Amino acid sequence: MMVLAASGLYKREPLVSVARKKQRPITRSMSKASLEQFCERVLENQSWQETLRRIPDRTAFLASVVQLGMEQGCVFTGEEVQGVMQANHRAWIERFVC
């Protein structure tokens, strides 16, 4: 990014400075979109599915999902994952009740 210096000449700002200016705080809608994107990636990756299916403990599962998501550049919380799981479970049950 170019900036006007006191001398009237242009100079480049350090890349780190530019990156910091462009960062926005993560909002709930951003993390929801990030979680949806991650879920799509998991559905496309058989190896991840098998790894996650082998985790018997819910707390460990949620931590693993969050960690794997972070490794893929997707930021969300375990609480958000649990909320999606509960909503999907509820929707699955309602298919047979209604």
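Calculate the dipole size of the range 39-98 relative to its Cα centre from +1 charges on Lys and Arg beta carbons and -1 charges on Asp and Glu beta carbons; express the result in debye to the nearest 20. It would help to have the intermediate numbers written out before the result.
On the way: 6 positive and 8 negative charges, 42 e Å.
It works out to roughly 200 debye.
With label points built 7 Å along Cα→Cβ from the Cα atoms of VAL97 and GLU36, find their separation and express it in nm.
The two pseudo-label positions are separated by 2.5 nm.
Using the Karplus equation 6.51 cos²θ - 1.76 cosθ + 1.60 (θ = phi - 60°), what ³J(HN,Hα) coupling, rounded to whole Hz, does each residue of the range 84-92 give in order, writing x for Gly and Pro?
5, 4, 5, 5, 5, 5, 4, 5, 5
Which of ASN88, SER47, SER34 sits closest to the plus end of the dipole of the range 26-97, meaning its Cα is farthest towards the positive end, when Lys and Arg get +1 and Asp and Glu get -1 on the C-beta?
Of the candidates, ASN88 comes out farthest on the positive side.
Using a Förster distance of 25 Å, how high is the FRET efficiency between VAL84 and GLU50, based on the Cβ-Cβ distance and rounded to 0.05? Intermediate values should be presented prior to the final figure.
Details: r = 20 Å, r/R0 = 0.80.
For VAL84 and GLU50, the calculated efficiency is 0.80.
From largest to smallest, what semi-axes in whole angstrom does the range 26-97 give when each is the square root of 5 times an eigenvalue of its alpha carbon gyration tensor? Before the final figure, lay out each step's value.
Working: eigenvalues 74, 53, 29 Å².
Over the Cα atoms of the range 26-97, the semi-axes work out to 19, 16, 12 Å.
Bear in mind these aren't lab numbers, they're just calculated from the coordinates by the rules spelled out. All of these numbers come straight from a predicted model, not from anything done at the bench. All Cβ positions, glycine included, derive from the backbone under ideal geometry; neighbour counts span all protein chains shown.
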